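Have a look at the structure below, then the notes.
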Amino acid sequence: GALSGGGMHYEVIPVGAYEANCSILWEDPALAWVVDPGAEGAVILERMEKMGLKAGVVVLTHAHCDHVSAVNEILAKYPVPVYLDAGDADFAFSPLNALPPYRSTRRPAMLVTDKKDGDTIACGGLSARLFHTPGHTPGGWCLYFEKDRLLVSGDTLFAGSVGRTDFPGGSWEELEKSLLKLKELPDDTRVICGHGPVTTIGAEKRNNPYL
């Protein structure tokens, strides 16, 4: 995977019918982060095995089925905590969250939903601050690895675009406020988006009409 900053490595794996980006991030290979395992759990696990990685934590940027559907496949091999904002937790594991070809997903046993805006998650030498970024969904968040100058933006921000707000719980007003938070990050911050290519905050400030 590509290197970022001191010791962080990351690998982005597009999975499923909507090619959602599952990101694997690590400094300590025994405690890798798995963010948004949305489908194709076997593919994600096989790629981790090839790179000598074990999961230490799973983080879901938001509830949508294309970002959460393989979570239990990862947990079957690595029973680790799963972080998701409380605002998305009910919808994520309800029958409503099944857009064919995705089926609804069983609620994981070790689901942690008490993190708030500004809190951090730390695992395996990496630490991310949580930005609560509602708009695409009520409980969306972005992960900001400040030391490594990297943002995992989920479906809040894409290269050249932003998340849709016409799904249940979406709000354009909320999304605009969330984007203002992201605009304050340093221009050289790399951004792994929920779909599509990696970009930077600076490039989006220059080229993205929504920023």
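For the reader, a short list of remarks on this structure follows.
- Here VAL15 does not fit the description of being in contact with a helix residue (DSSP H, G or I) (Cβ under 7 Å, 6 or more places away or on another chain), β-branched (Val, Ile, Thr) and crowded, with 24+ Cβ neighbours inside 10 Å.
- Checking ALA86 against (1) open to solvent by 10 Å² or more (accessible area, probe 1.4 Å); (2) modelled with pLDDT of 95 or more; (3) among the aliphatic types (A, V, I, L, M); (4) out of contact with any Ser or Thr (no Cβ under 7 Å at 6 or more places or on another chain), the condition it does not meet: (4)
- So LYS177, is it in contact with a helix residue (DSSP H, G or I) (Cβ under 8 Å, 6 or more places away or on another chain) and either at negative phi or of a type outside the set (Gly, Ala, Ser) (or both): no
- Residues that are surrounded by fewer than 21 Cβ atoms within 10 Å (Cβ to Cβ), in contact with a strand residue (DSSP E or B) (Cβ under 9 Å, 6 or more places away or on another chain) and under 17 Å from ALA63 (Cβ atoms), drawn from the stretch 143-199: HIS195
- Residue check for ALA30: exposed (fewer than 15 other Cβ atoms within 10 Å of the Cβ) and over 28 Å from THR189 (Cβ atoms): no
- Single residue of THR61, THR113 found to be open to solvent by 20 Å² or more (accessible area, probe 1.4 Å), β-branched (Val, Ile, Thr) and touching a residue at least 12 places away in the same chain (Cβ under 8 Å): THR113
- The criterion of being open to solvent by 40 Å² or more (accessible area, probe 1.4 Å), assigned to a strand (DSSP E or B), small (Gly, Ala, Ser) and closer than 21 Å to ASP188 by Cα holds for SER127.
- Test result for ASP36, among the charged types (D, E, K, R) and open to solvent by less than 10 Å² (accessible area, probe 1.4 Å): yes
The values are calculated or read from the model by the stated rules, or taken from the named source; none is laboratory data. Keep in mind that what you see is a predicted model, and the values were worked out from it rather than measured. Here the Cβ is made from the backbone with ideal geometry for all residues, glycine too, and neighbour counts use every protein chain on show. Keep in mind that these areas ignore ligands, DNA and RNA; they rest on the heavy atoms of the full protein, side chains included. Shrake-Rupley method; radii C 1.70, N 1.55, O 1.52, S 1.80 Å.
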